Amino acid sequence: MALSNVGFVAPTFHGIVGRSKQMLKIFSMIEKVAAGDSSVCIEGESGTGKELIARAVHFASPRRDGPLVTLDCVAIPEGLMESHLFGHVKGAFTGATETREGVFSLANHGTLFMDELSEMKLSLQVKLLRILQSREFSKVGSSTPIRTDIRLVTATNRDLLKASVNGSFREDLYYRVAVVVLNVPPLRERREDIPLLVDHFLRQFTALYRKPIREISRSAMERLVSSPWPGNVRQLQNVIEQAVALTEGEILREGDVFLDNHPSPPRRVSGVLELESGLLLREVERRYILRTLVSVGGSRTIAAKRLGISLRCLQYKLKFYSEQDQANGQANGQANGAQDASNHRSVPDLEPGMSL
Ligand SMILES: Nc1ncnc2c1ncn2[C@@H]1O[C@H](COP(=O)(O)OP(=O)(O)OP(=O)(O)O)[C@@H](O)[C@H]1O
Ligand SMILES: [Mg+2]
């Protein structure tokens, strides 16, 4: 099965690939809720794309030019959580050598994405509830109230309603954060998305690894489509990356695909960039930029924001890489006399098509 042509853009919605009816429903819900300010809670297994969806809510909303601030409730030690949320004033506690802003200030006029919300301690849940009610907070060590204008988006791997029934999550907070609930189904329940995702990741990783892969065998694709994917899209992405890195020829075959169906998928592994030593700085930059594009689902707008450069600058760099790849392809073609330069896949045109 030939890959889609370079330049083909899979139907995506703000970088989210999908055509199953469940995903189309999620896209249309995002469009509807993005216009307003209601709190959105995204529920789904690990690796289903909750963070991508959170970003889509922000970038589809009128707040898109404001900040999108993420707070991972698992990553932050309990003792530092309040300071991360509200900020602190100098001298508020040992080690508070400077006044710092918390996410409620940083996300002002934008979106605050609280990841893994179900892991937040009950004592902090009360404080969060108070802020959501009053839209006011004060820094640790200060009593001056500060107003905040944020849209709250949360994500969780657990069923929050169940957690609120069994007492590990406050029920009153649940009804505040879950005004709109987006349930992201696991990949095994929307297998029609798999070929599209495979194509999407193949295009991205062949560009990243500069591989001339043009086709995936039917049996390899069938295997990917029928696999159970306990680690969901993240696991599929990892499997394709590994296959691309290992494949030498133009066809990715069943034997190139390594499936481990009992993985404990590491979180955010796709954010890790492994580099061999001795690389030129410009090659490191190229890989880092392409990796960032992959990790944000291919959206140039979001990637540019994340990299802290302008969209124009990113577009310029991608065009440069593309031309460089083509030039290398031609040089290689001349060197071995036979190879067609068009075999070399250029940096894919990944901007989400908004074609829904
Ligand atoms: N529909 C999709 N289209 C394109 N890429 C996707 C899609 N869903 C997930 N991904 C990619 O898969 C990886 C995992 O997605 P993401 O981090 O959003 O999952 P998650 O649900 O937040 O997982 P966790 O619960 O472990 O934090 C990311 O690299 C993301 O870009
Ligand atoms: Mg996540």
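Where a number appears in this text, it was derived from the coordinates with a stated rule and is not lab data. Being a predicted model, the structure only gives us computed values, none of them experimental. Every residue, glycine among them, receives a Cβ derived from its backbone with ideal geometry; neighbour counts consider all protein chains shown.
Using the Cβ-Cβ distance between ASP37 and LYS127 with R0 set to 30 Å, the FRET efficiency works out to roughly 0.90. Bridges between two residues of segment 37-185, per DSSP, are antiparallel at a rate of about 15%.
In terms of the Cα gyration tensor, with a ≥ b ≥ c the square roots of its eigenvalues, is segment 10-56 rounded because a/c is under 1.5, prolate because a/b exceeds b/c, or oblate?
Since a/c reaches 1.5 but b/c is at least a/b, the shape of segment 10-56 is classed as oblate.
Extension gain LYS21-ALA245, at 0.36 nm per residue separation less the Cα-Cα distance, in nm?
Working: separation 224, 0.36 × 224 = 80.64 nm, distance 3.21 nm.
In short, 77.4 nm is gained.
The ALA96 and GLU171 beta-carbon pair, evaluated with R₀ = 25 Å, returns a calculated FRET efficiency of approximately 0.15.
Sparsely packed loop sites in segment 53-150 (the chymotrypsin sites (Phe, Trp or Tyr not before Pro) outside DSSP H, G, I, E and B with at most 15 other Cβ atoms within 10 Å) comprise PHE93. In summary, the lysines within cross-link reach of LYS32, defined as a Cα separation below 18 angstrom excluding same-chain residues under 8 places away, comprise LYS21, LYS50.
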